[in-house]
Amino acid sequence: MKITKDLKSISLLLFLLGIFFIPFNSFEGFGILGEYSRDSCVLFFLLASVFIFFTGKISIPYKNTIFQLLILLLLWFALSAVFNSYDITQYYFKHTTGISRFIRQYFSIFISAIILFLTFYNIIGKYDLKDIFFKIRKVFLYSLIVVVVYGTIELLIIKFKMDGLRPTLYLFDYFPFTSVKIDRWTFRISSVTFEPPALATYLLSIAGWMFSYILTEKSYKRFIPGLLVVLFSFLSESRAVFFIIIVQAFIFVLYLIKDRKFNKLFVKIALIAVFTGSAVLVFFMKTTVDYIYDELTSFKIDDGVHSTSNKTRFGIQTAMFEVFKENPIVGTGYGLQAFESKDKYPEWATVDNWEFRLKHLNEDHPPFPPGFNLYLRILAETGIIGFAILLLFLMSILLWCYNKTFKIKNEFNIIALVITISMVGFVFNWLKADTFRIYGFWLCLAFIMVIKKQNKQLNE
């Protein structure tokens, strides 16, 4: 009995350490972990899973419809490879065979969708939901504080040329899983993450958690975590993610309007927003208008600042859609679209584009080209069938979120609100990212499963 309790405590500690270290991926990483090599958090999550499995009492939500759709999705991913078995044996790109690529990609999603998800589900299910929710939120806040401190020093050096702070920033080299580097090309901040888009993804992952402080705390300090998320998403200069976080904030405001007890809070926030917005427009109108115009027009392929990344992104997405049109039913096989896409990149994207020359079409550059859009990737790799299953899976999640957050009033409303804000963020984020390796998504999914399980037990 004591051993079981000890294992439970150790697994919780490792789990919370993993939560804290989610953004810390700027170090060289461990090559043996493949796609997960940079993610320090996965070390703690996998260790936690070992302790969970040692207890011998692993709970699996096999009766849950959403989980069944997830399993169906994974099965179809495997079948898509079977249907393309001949082509897979012929594929060869970047010194990698099609079989090797499929095994690696399938093992990668298996780690996230099964091992990590079940680890999260079993740990969360062993504790009072509110208690574990507040523990996780506090750990997210602690990690955000480190991200903000590092990011602020980095910002002062890059944007305000305060080079005297460099020795202070390099002290973070002594922090676990962190390797300090300053972007001398784009002059964007990335904090403890390895690149600005990774910082932005982390911020949208915790946005709902930080916004929830506004509802559960009383002092004016409750606004600080949410404001920091919005501010640093802006400072990261990730155009898409800043828009996503604004959408997440809008969902939060809709909840304030919907719940009468928060109506006064909504009025206060609205007044502050109007006052602040007016002040910004009065004193910085030209700068603000110019910035908004630049951001709205920055998605063009002839934009001076973003033209290379835009051509790369849109070129790869165009090629993936061409692959889908040639393989509309079952796709090319999960994880294998790059073998077909490499011959379909449009000329307007590849000409005078160093990213294709040195990276994506360079046989000696090991990483495969990213897809930049999960939905197009699934269409190309698993066809319309895989895409339909994915849509059913995501729609089932969003339907649960809507019902629990906006229709049914219960003690878990704030937890449901955080999950809803997060899930909407992930769904939008997959318009620009092509990986299922989003830890916040599987964490929120685990919460959904535990809440459904507890509600079912109460009803019975």
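The values are calculated or read from the model by the stated rules, or taken from the named source; none is laboratory data. Keep in mind the model is a prediction, meaning the values are calculated, not measured. Neighbour counts run over all protein chains shown; Cβ positions are idealised from the backbone, glycine included. Heads up: the accessible areas ignore ligands, DNA and RNA and are worked out on the full protein's heavy atoms, side chains in. Shrake-Rupley method; radii C 1.70, N 1.55, O 1.52, S 1.80 Å.
Tell me, how many Å apart are the Cα centres for the range 209-269 and for the range 368-443?
That distance is 20 Å.
Would you mind checking which residues have amide H under 5 Å from T96's amide H? H placed 1.01 Å from N; only 5 or more apart, or other chain.
none
How much accessible area per residue does the chain have, counting only protein heavy atoms and a probe of 1.4 Å, in square angstrom?
For the chain, the per-residue accessible area is 48 Å².
Determine the relative contact order of the chain: mean sequence separation of Cα pairs under 8 Å and six or more apart, normalised by residue count, in whole percent.
So the answer I get is 21 percent.
Looking at the range 64-184, what % of the alpha carbon pairs are farther apart than 22 Å?
Distances greater than 22 Å cover 64 percent of the Cα pairs.
Using only C-alpha atoms and all pairs of different ones, pull out the Kirkwood radius for the range 334-460 in Å with one decimal.
17.1
Given the options I115, I214, I421, identify the residue whose Cα lies farthest towards the positive end of the charge dipole of the chain (+1 on Cβ of Lys, Arg; -1 on Cβ of Asp, Glu).
Of the candidates, I214 comes out farthest on the positive side.
Give the lysines reachable from K161 as a straight Cα distance under 18 Å; neighbours fewer than 8 places away on the same chain don't count.
The qualifying lysines are K181.
Sum up the charges of everything whose Cβ sits under 12 Å from the Cβ of F134, counting Lys and Arg as +1 and Asp and Glu as -1, but leave F134 out.
Charge balance in the 12 Å sphere: +1.
Given Cβ point charges of +1 (Lys, Arg) and -1 (Asp, Glu) and nothing else, what value in debye, to the nearest 20, does the dipole of the range 26-141 about its Cα centre take?
That gives a dipole near 300 debye.
Hey, got the dipole for the chain? About the Cα centre, +1 on K and R Cβ, -1 on D and E Cβ, debye to the nearest 20?
So the dipole magnitude of the chain works out to roughly 2020 debye.
How much accessible area does L394 have with a 1.4 Å probe, in Å² rounded to the nearest 10?
Surface open to solvent at L394 totals about 10 Å².
From the C-alpha gyration tensor of the range 221-263, pull out the three semi-axes of the equivalent ellipsoid (sqrt of 5λ each), sorted largest to smallest, in whole Å.
That gives 23, 13, 4 Å for the three semi-axes.
Give me P(r) over the range 52-132, computed from all C-alpha to C-alpha distances, binned every 5 Å, as integer percentages.
Histogramming the range 52-132 at 5 Å steps yields 3, 12, 17, 18, 16, 11, 9, 7, 4, 2, 0 percent.
Take each complete run of DSSP H in the chain, measure how far its Cα atoms stretch along the helix's own axis, and keep only those covering 20 Å or more with mean Kyte-Doolittle hydropathy at least 0.5; list them.
Those that clear 20 Å and a mean of 0.5 are 2-20, 40-55, 65-83, 129-158, 196-211, 239-258, 263-296, 374-402, 413-429.
For a quick check of your reading of the filter: which trypsin sites (Lys or Arg not before Pro) in the range 1-75 sit in a DSSP loop and have no more than 13 other Cβ atoms within 10 Å?
Taking the range 1-75 and a limit of 13 other Cβ atoms within 10 Å, the loop trypsin sites (Lys or Arg not before Pro) found are K57, K63.
Hey, any idea what % of the chain's accessible area is carbon plus sulfur with a 1.4 Å probe?
68
On alpha-carbon atoms, Rg over Rh for the chain using Kirkwood Rh?
Ratio of gyration radius to Kirkwood radius: 0.96.
Along its three principal axes, how long is the range 115-229 when you only count alpha carbons? Whole Å, largest extent first please.
Between the extreme Cα coordinates on each principal axis of the range 115-229 lie 48, 38, 23 Å.
I need the fraction of alpha carbon pairs in the range 1-126 separated by more than 20 Å, rounded to a whole percent.
Taking all Cα-Cα pairs of the range 1-126, the fraction more than 20 Å apart is 56 percent.
Just by accessible area at a 1.4 angstrom probe, what is the order of D183, D343 from largest to smallest?
Final ranking, largest accessible area leading: D343, D183.
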